[in-house]
Each structure stands twice: as structure tokens, then as C-alpha cells.
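To start, the structure itself, in C-alpha cells.
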Amino acid sequence: MFVPQKMFFTKGVGRHKDYLQSFELALRSAGIEKCNLVTVSSIYPPGCKRITKEDGLKLLQSGAITFVVMARNATNEPNRLIASSIGVAQPSDESQYGYLSEHHPYGETDERAGDYAEDLAATMLASTLGVEFDPNTAWDEREKIYKMSGKIVRTFNVTQSAEGDKNGLWTTVVSCAVLLPPPDPEVPNNQSPKIP
């Protein structure tokens, strides 16, 4: 069973005449293009430590199967605003799991997309933890209620936005939470074992 012990967050944007190439360039911008990415759903593992992007990138190996929660968006419409955002909500009890949310809107600024993704993750966690709230109140009000409950310790978001290229090139944005496996004690420096 693989339960991530570390996680880092990254984002990027890419532009190219081909859709797939623009996605590749967005992954390069995020620093994770060398991995075989597998998207997973949105649970923040209990006890998982957030590390910096710089430290996380050092732990990646070329070609490794790497699990990510990814928000992704693309357009080839000139000047069209796109965004991708990962929202995060962590419980105060580190033995409990938290939530990650993916949001990929059109026409939303970084701030608006990020607030929505953060709100989504926090609302999912609050409902799991039994925090009472009115879903019709504004995010700022609910955020105060969530944090005052003592059950939710931290919320944040990682958001990338961009305007579509003025000449109609494909523009892709990605935001990712990269889940890192625990080191394998039987493999020196966590390198891939040699296949006979």
C-alpha cells in the first residue's frame, strides 16, 4: 500500500501551436515533465508533510510513475482568460485526512479561481468533520467558522491563470499537488531496482 508521506505544489503555463505541446510546455514550466503522471482523486493523506517545490523536484526521477492531483485548462481563443487551481484544506488533527480540490474555470482571475478552489476543499472537509455551516454564506464568513471550530487548521490554494495567446496558439495552464512515496529501505537512495 502506498501512502504519500510528502507532497509539494507546483504550477505552470505553456504556449504552442499544438495542443499537446502546449501541455508539455506547461508541465516543463511546473518542473514535472520528466515523470509519467498519474492523476488521482483529492485526499490529503494523514500526516503528509508539505515540502517546497525545490526540495520536491530533487526527489523526482525521470520516467517514474508519479501521482498528482491536477487541475488543467487550455484554450486557443485569443485573450480568453483561463485558470487552473488546487484548493487545500487540512484538519487540525494530523491523524485525519484532508481534502484537495481541482478547479479549472474560464474567465476567472487568479484570486477568484483560488478562492473557489479553497472554499471547495474546505467545505468538503468541514462536512466530513461535522462542522455546521450555512453553504449560502460567503466564503470569507465560512472560512472564519471553519477555523473557529478548531477542526480545520489550514486552507490555501495554488493557482495558475493565463490569457489565450493573441495569435491563437494553444495556451495551457496546470496546477498540481505532487504526492511522493516513502523511501524504499531496500533500494539505496530510493533508486529504481535493476531488472535481471
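Any read-out appearing in this document is the output of simple, stated calculations on the displayed coordinates, not a laboratory observation. These numbers come from a predicted model, not from an experiment. Every residue, glycine as well, gets a Cβ built from its backbone with ideal geometry; the counts of neighbours run over all protein chains shown.
From the backbone phi of the stretch 77-86, what are the Karplus-calculated ³J(HN,Hα) couplings (6.51 cos²θ - 1.76 cosθ + 1.60, θ = phi - 60°) in whole Hz, Gly and Pro given as x?
8, x, 6, 6, 7, 10, 8, 9, 8, 10
Charges at C-beta only: +1 for Lys and Arg, -1 for Asp and Glu. How large is the resulting dipole of the chain about its Cα centre, in Debye rounded to 20?
Working: 20 positive and 24 negative charges, 122 e Å.
Result for the chain is approximately 580 debye, rounded to the nearest 20.
If you average 1/r over all unlike Cα pairs in the stretch 14-74 and invert the result, what Kirkwood radius do you get in angstrom?
About 13.0 Å, per the Kirkwood formula over Cα pairs.
Select from PHE67, PHE133, PHE156 the residue whose mean-square fluctuation is largest in a Gaussian network model of the chain (Cα-Cα springs shorter than 10 Å).
Its mean-square fluctuation being the largest, the pick is PHE133.
Ranked highest first by the average count of other Cβ atoms within 10 Å around their residues, in what order do 55-64, 71-80 fall? Working shown, then result.
Numbers: 55-64: 13.4, 71-80: 18.0.
Ranking, from highest mean packing down: 71-80, 55-64.
Name the most mobile residue of PRO183, PRO46, PRO91, meaning the one with the largest mean-square fluctuation, in a Gaussian network model of the chain with Cα contacts below 10 Å.
PRO183
Using 27 Å as the Cα-Cα cut-off, could you pick out the over-long pairs in LYS17/LYS58; LYS11/LYS58; LYS49/LYS151; LYS17/LYS49? Intermediate values should be presented prior to the final figure.
Numbers: LYS17/LYS58 31 Å; LYS11/LYS58 16 Å; LYS49/LYS151 18 Å; LYS17/LYS49 38 Å.
Over 27 Å apart, Cα to Cα: LYS17/LYS58; LYS17/LYS49.
Per 10 Å bin from zero, what fraction in whole % of the C-alpha pairs of the chain is there, up to the bin with the longest pair?
9, 33, 31, 19, 7, 1, 0
Antiparallel DSSP bridges in the chain: what percent, to the nearest 5? Write out the running numbers ahead of the final one.
Details: 39 of 45 bridges.
In the chain, DSSP labels about 85 percent of beta bridges as antiparallel.
So, by mean Cβ neighbours within 10 angstrom, what's the order for 7-13, 112-118, 140-146 with the highest one leading? Walk me through the intermediate numbers first.
Numbers: 7-13: 21.1, 112-118: 23.3, 140-146: 15.7.
Listed from highest to lowest mean packing, they are 112-118, 7-13, 140-146.
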